[in-house]
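Here is the structure we will look at, set down as structure tokens.
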Amino acid sequence: MTATPIPLGTLVLYTATTTRLTMYAAENNNSYNLVQASTGFFIKMDLSTTWAAARSNCRAEGFGMFTPTTLESLRSHLDIFGPFWTGTSDTDSEGSYVSEEGAPMPSNNGMYCANEPNNAGGNEDCIEAVGSPGCLNDRNCG
């Protein structure tokens with residue numbers, strides 16, 4: 001099964017400091033959308049991509065993918081960015097979702113959409129933030 005790119009194509013790069021953002025701005029002629037939120041600094045890039053490509057792009061630039069840790073942060077970041085891939089997957093162990101930093105993301109945390117994660121088709125290992133008022137859904141990583 002081929003992964004479908006996330007609608008609206010939002011890639012959210014995350015860093016906790018401005019140093020790397022300053023370097024990134026210089027390298028890219030300031031052609032990015034910088035957002036400062038209470039949880040850190042973010043760069044929004046508009047492109048349609050799979051989770052695997054988004055993760056690769058983030059790592060290549062020295063960033064990580066944002067993973068919300070509360071329902072409030074999930075919904076506030078959806079309000080800012082629209083749908084986006086999170087840095088969460090269960091690619092290492094089916095059913096055990098963890099962030100890029102290795103923090104567990106249990107499926108009973110109140111942030112998942114109804115009946116999610118469901119591993120539909122047996123191949124949904126990556127988490128996207130979607131909807132209104134906002135929830136997490138598992139999707140094919142691509």
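Out of all the residues in the stretch 70-99, which are out of contact with any Phe, Trp or Tyr (no Cβ under 8 Å at 6 or more places or on another chain), part of a helix (DSSP H, G or I) and closer than 23 Å to SER56 by Cβ?
Those that are out of contact with any Phe, Trp or Tyr (no Cβ under 8 Å at 6 or more places or on another chain), part of a helix (DSSP H, G or I) and closer than 23 Å to SER56 by Cβ: none in the stretch 70-99.
When you look at GLU101, is it open to solvent by 50 Å² or more (accessible area, probe 1.4 Å) and free of Cβ contacts under 8 Å to residues at least 40 places away in the same chain, yes or no?
Working: open to solvent by 50 Å² or more (accessible area, probe 1.4 Å): yes; free of Cβ contacts under 8 Å to residues at least 40 places away in the same chain: yes.
Yes: the conditions hold for GLU101.
For the stretch 104-134, which residues satisfy the criterion of being part of a strand (DSSP E or B), in contact (Cβ under 8 Å) with a residue 40 or more places away in the chain and open to solvent by 30 Å² or more (accessible area, probe 1.4 Å)? It would help to see each step written out before you state the result.
Step one: of the stretch 104-134, the residues part of a strand (DSSP E or B) are 104, 112, 126-130.
Narrowing the set further to residues that are in contact (Cβ under 8 Å) with a residue 40 or more places away in the chain leaves 126-130.
The one that is part of a strand (DSSP E or B), in contact (Cβ under 8 Å) with a residue 40 or more places away in the chain and open to solvent by 30 Å² or more (accessible area, probe 1.4 Å): VAL130.
Every residue in the stretch 58-92 that is open to solvent by 60 Å² or more (accessible area, probe 1.4 Å) and closer than 26 Å to GLY122 by Cα, please.
Once the filter is applied, which keeps residues that are open to solvent by 60 Å² or more (accessible area, probe 1.4 Å) and closer than 26 Å to GLY122 by Cα, the stretch 58-92 yields THR69, THR91, ASP92.
The values are calculated or read from the model by the stated rules, or taken from the named source; none is laboratory data. The structure presented is a predicted model; accordingly, all values stated were derived computationally and were not measured. So basically every Cβ, Gly included, is an ideal-geometry build from the backbone, and we count neighbours across all protein chains shown. Heavy atoms of the whole protein, side chains included, go into the accessibility calculation; ligands, DNA and RNA do not. Shrake-Rupley method; radii C 1.70, N 1.55, O 1.52, S 1.80 Å.
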